[in-house]
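The values are calculated or read from the model by the stated rules, or taken from the named source; none is laboratory data. These numbers were taken from a predicted model, which means no experiment stands behind them. Here the Cβ positions follow ideal geometry from the backbone for every residue, glycine too, while neighbour counts run over all protein chains shown.
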Amino acid sequence: MHDETERMVEVYIARDQFEAHFLKDLLTRAGIDAQVVGENSVYAGVVGVERPRVWVFEQDLDHARELLTDYETTRSQSSPAGDDPATTA
């Protein structure tokens, strides 16, 4: 449980809303409260334009980054090079 004064921080910029929600679920299953921000933009998912972001509470940031780094490593091993605009914040 998080206290009202705890800050949320951006941890990941997703390719699209589907990836953002997939990652939110991944983090939630690991016990990390996460939120998707910016998914309702008309341009969400268009390269170079506003993309959905995943936010977590500051105290969970290091654990979330570890999980997202593992996700990126797995994804990069299974997708063609240069086909990945998503980034860890």
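Against the condition surrounded by fewer than 18 Cβ atoms within 10 Å (Cβ to Cβ), closer than 27 Å to T5 by Cβ, touching a strand residue (DSSP E or B) at 6+ places or on another chain (Cβ under 8 Å) and at pLDDT 95 or above, how does T28 come out, does it pass?
Taking the combined requirement at face value, the residue satisfies it.
Search segment 50-69 for residues being of a type in the set (D, E, K, R) and over 15 Å from E19 (Cβ atoms), and hand back the single one that is surrounded by the most Cβ atoms within 10 Å (Cβ to Cβ).
Of everything passing the filter in segment 50-69, D60 is surrounded by the most Cβ atoms within 10 Å (Cβ to Cβ).
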